[in-house]
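The structure appears right after this line, and notes come after that.
The values are calculated or read from the model by the stated rules, or taken from the named source; none is laboratory data. Worth saying up front: this structure is predicted, and the values here are computed from it rather than measured. Cβ atoms come from the backbone with ideal geometry, glycine included; neighbour counts cover every protein chain shown. Heavy atoms of the whole protein, side chains included, go into the accessibility calculation; ligands, DNA and RNA do not. Shrake-Rupley method; radii C 1.70, N 1.55, O 1.52, S 1.80 Å.
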Amino acid sequence: SNLQREHILPSEKAFAYKMKLDALKHQGKTSAQVAQKLSAKRVGDEAGVSKDQVRRFIRLTNLIPALLDMVDNKKIAFNPAVELSYLTQEEQGKLVDTMESEQATPSLSQAQRLKKFSQEGKLTEESMLAIMSEEKKPEIGKVTLGTDTLRKYFPTNWTPKQMEDQILKLLNNWYQRTHNSPER
């Protein structure tokens with residue numbers, strides 16, 4: 001039932017999917033692997049997401065609480081968090097310390113490299129520090145406004161698509177006014 005709420009934390013969604021998947025696995029008498037695939041698809045179908053998205057959310061349940069809190073508080077993006085979930089709990093703890101000392105959170109590519117180093121048994125505090133202290137490339141040409149930021153400007157029943165259409169219409173009007181005025 002929590003999955004029906006409008007604003008649900010990634011951690012809540014992750015544990016809800018995991019509970020639902022575990023319950024479905026215990027119902028079936030088929031092989032564990034077949035049951036896992038069918039169950040993830042069924043959970044995804046019921047939630048309106050893909051089975052792969054269900055699996056990614058469930059991966060978040062492997063994060064230590066400090067990292068999971070950062071995901072919930074939007075300090076770490078979802079996809080990098082999924083990659084970080086493959087690190088051991090000890091490595092995750094060291095990563096939290098490194099992130100605090102560097103005042104940085106990993107990008108997707110950094111998280112992927114941390115995962116790769118971990119899987120190869122080469123993730124040390126030094127390699128972690130080297131990856132986390134890299135200067136990130138700025139996201140050129142991208143502006144992101146979350147629905148939480150925009151919600152106060154629109155009726156509560158508007159969808160994100162309706163909000164986007166209205167913003168584009170307003171920007172177009174503004175552009176027409178400023179580029180057709182004689183003051184330019």
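Annotations for the structure displayed:
- With a simple spin-label model that places each label point 7 Å from the Cα along the Cα-to-Cβ direction, the separation between residue 142 and residue 119 comes to 2.2 nm.
- Residues residue 52 and residue 102, FRET efficiency given R0 of 35 Å [Cβ-Cβ distance, rounded to 0.05]: 0.65
- Amide H to amide H, with H built 1.01 Å from N, residue 76 comes under 5 Å of 71, counting only residues 5 or more places away or on other chains.
- From the Kirkwood radius over Cα pairs of segment 60-184, Stokes-Einstein at 4 °C and 1.567 mPa s returns a whole-number translational diffusion coefficient of 74 µm²/s.
- In this structure, the residue pairs whose Cα-Cα separation is over 31 Å, taken from 94/152; 74/122; 20/74; 75/116, are 94/152.
- Counted by Cβ distance under 12 Å from residue 60, the other residues give a net charge of +1, where Lys and Arg count +1 and Asp and Glu count -1.
- Computed accessible area, residue 51, all protein chains, 1.4 angstrom probe, square angstrom: 80 Å²
- Charge tally for residue 171 (other residues, Cβ to Cβ under 14 Å; Lys, Arg +1; Asp, Glu -1): 0.
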